[in-house]
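The values are calculated or read from the model by the stated rules, or taken from the named source; none is laboratory data. Model, not experiment: these values are computed from the prediction. So basically every Cβ, Gly included, is an ideal-geometry build from the backbone, and we count neighbours across all protein chains shown.
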Amino acid sequence: MSLLGKLKGAFKRPVLGQEIATTGDGRDITRPWIGSLALADDSVLMNRGAPDLKIYREVLSDDEVKSAFTQRQDALISREIKVDAGGDRPIDIEAADAMQRQIDALGFDRITRLMHYGVFYGYAVSELIYGTRDNLLWIDEVKVRDRRRFRFTPKGELRLLTPGNMFTGEPCPAPYFWSFATGADHDDEPYGLGLAHWLYWPTFFKRNDIKFWLIFLDKFGMPTVAGKHPPGATPEQKRDLLALTRAISTDSGVVMPEGMALEMLSASRSGAADYESMYNAMNEAIRRVVVGQISSSGGASKGIGGDESLQAGILASIAKSDGDVICESWNRGPATWLTELNFPGAAVPQVSRVFDEPEDLKSRAERDKSISETTGYRPTLAYVKDTYGGDWEPKPNSDTPPVAPITPVAPAGNKPSDFAEHSHPQDAPAAMAIRLNSELTPVTDGWMQQLQELVDSVDSLEALRDGLDKLVPDMTLDQYAEVLAQAMSAAALAGRYELLEAVNGR
């Protein structure tokens, strides 16, 4: 038996829906104790003793964190929202139209901004308030809730903590609650892992650096007062001396008993640069984590430099990633629920943010011109309209001289010289052909109109044949012959005129 045959015989048909490496039944060895609610697998939260994300709110209060994260949010919110039908059937298109109206009615930018904080904390939760509109189940409002009020079970089920149920929580079933988690490196972590996990220590060091920096500035600006008492001073004397040292920092003058001495100890070194370097380094670390940039808000760091276009591209890539996470969660949650309830059997519309940059039409036009000049091919009218938009019409040919209108042939009885007195264009035969065509058009159009009316009125070939027999006598050639006679006369006169001009040397 071949190796492929042995492999096929070794495997059994898989059991549909079977999950083996489960986490909610005590089989996860990384979680030795399983309670009613799962704990976040976040080393910062576990070591700092704050599982309710309170310390991460302090991280968000940092000025550099707030500035960088707002920049990341704005890069996402500034992108337009689009809704694509999930299929080509009429019901799919109808479901997409309804979803577009739903998105417009909700104010999706506000919802996206609030749900985007799930990228910072690791997860986000919102509650959907339903109503009806145009005979459709409708989401009247999406309220993004404080994530600290929610926990997950070991199986990943969302629970709401209440004063009466603090240990197991109340179930939060679909389609009433929409949530997503992001940032973790596996699916066994329902809380995700937000940017705050990586921002905690840079902001912690920055905060302490500022504290010591302020102490240094205080020492440098106001020297430390040192009091000296004589040997054998009583406790009361020492207490009075200490009070004097404290008073001298606020009072311009003090009094002291004889025998006591005060000295001013000034800072003997300058370390401001050390504190400033630490401050800038932590700010750069924050911006690397949040927006992927290597420059602080004050400019590019020394020795590294910053490319504005490169940083803009990195920020756009990060914003697109955030948008994909939120929109995918919406499509798998509320969008799916609304479609199944309002349009059973329809493909779920796909909501997304537009990150495709508009094409530089100037460069496109220059490229098209170069290709046309090089290859000899030119774009079609359909291509021009699809690429550049607008309405287009043929450009007048500047190489062809303008055709002067031909004066109608004089009626019978007028002198032939009346016709000959008018000037003729350089190419008289071509001009006459154009005029002849315009004169004959009403005649031929009348014939075609009669034939069209006949075809529309009959219901069989026999009736059409009989109708043609009756119609032919009525389709007179008198007007046709008259136009041709006038044209022949005009052509003869023009020919004679050209001959006379040639004889006279004009």
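Does the stretch 346-355 contain at least one residue that is modelled with pLDDT of 95 or more and more than 29 Å from R113 (Cβ to Cβ)? Checked against the condition, which is being modelled with pLDDT of 95 or more and more than 29 Å from R113 (Cβ to Cβ), the stretch 346-355 yields at least one hit.
Identify, please: which residue in the stretch 317-359 is assigned to a helix (DSSP H, G or I) and among the polar types (S, T, N, Q) and is, among those, nearest to K82 (Cα to Cα)? Ranking the candidates gives N331 first.
Each row is one residue, and each column tells you yes or no for (1) over 30 Å from V291 (Cβ atoms); (2) modelled with pLDDT under 70; (3) not in a helix (DSSP H, G or I).
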| site | (1), (2), (3) |
| --- | --- |
| H197 | no, no, no |
| R207 | no, no, no |
| L214 | no, no, no |
| F220 | yes, yes, no |
| P231 | yes, no, yes |
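Among the residues in the stretch 292-303, are any β-branched (V, I, T), modelled with pLDDT of 60 or more and buried (at least 16 other Cβ atoms within 10 Å of the Cβ)? Looking through the stretch 292-303, at least one residue is β-branched (V, I, T), modelled with pLDDT of 60 or more and buried (at least 16 other Cβ atoms within 10 Å of the Cβ). When G86, G118 are checked against the criterion of being surrounded by 15 or more Cβ atoms within 10 Å (Cβ to Cβ), out of contact with any Cys (no Cβ under 7 Å at 6 or more places or on another chain), part of a loop (DSSP other than H, G, I, E, B) and on the phi < 0 side of the Ramachandran plot, a single residue qualifies: G86.
Can you spot a residue in the stretch 366-373 that is surrounded by fewer than 14 Cβ atoms within 10 Å (Cβ to Cβ), of a type in the set (K, R), part of a helix (DSSP H, G or I) and modelled with pLDDT under 95? Yes, the stretch 366-373 contains a residue that is surrounded by fewer than 14 Cβ atoms within 10 Å (Cβ to Cβ), of a type in the set (K, R), part of a helix (DSSP H, G or I) and modelled with pLDDT under 95.
Can you confirm whether T387 is at pLDDT 65 or above and under 30 Å from V125 (Cβ atoms)? Break it down into steps so the answer makes sense when it comes.
Values: at pLDDT 65 or above: yes; under 30 Å from V125 (Cβ atoms): no.
The answer is no for T387.
Scanning the stretch 99-115 for residues that are crowded, with 20+ Cβ neighbours inside 10 Å and either outside the structural domain of Q73 (by TED's automatic domain parsing) or touching a Leu at 6+ places or on another chain (Cβ under 9 Å) (or both) yields a total of 3.
Condition first: in the same structural domain as W201 (by TED's automatic domain parsing), touching a strand residue (DSSP E or B) at 6+ places or on another chain (Cβ under 6 Å), surrounded by 12 or more Cβ atoms within 10 Å (Cβ to Cβ) and at pLDDT 85 or above. Can you find one or more residues in the stretch 69-80 that meet it? Looking through the stretch 69-80, at least one residue is in the same structural domain as W201 (by TED's automatic domain parsing), touching a strand residue (DSSP E or B) at 6+ places or on another chain (Cβ under 6 Å), surrounded by 12 or more Cβ atoms within 10 Å (Cβ to Cβ) and at pLDDT 85 or above.
When P173, P163 are checked against the criterion of being loosely packed, with under 13 Cβ neighbours inside 10 Å and either within 26 Å of S61 (Cα to Cα) or touching a strand residue (DSSP E or B) at 6+ places or on another chain (Cβ under 9 Å) (or both), a single residue qualifies: P173. Only residues that are among the β-branched types (V, I, T) and touching a residue at least 12 places away in the same chain (Cβ under 8 Å): list them for the stretch 82-112, please. Hits for the stretch 82-112 are V83, I91, I103, I111, T112.
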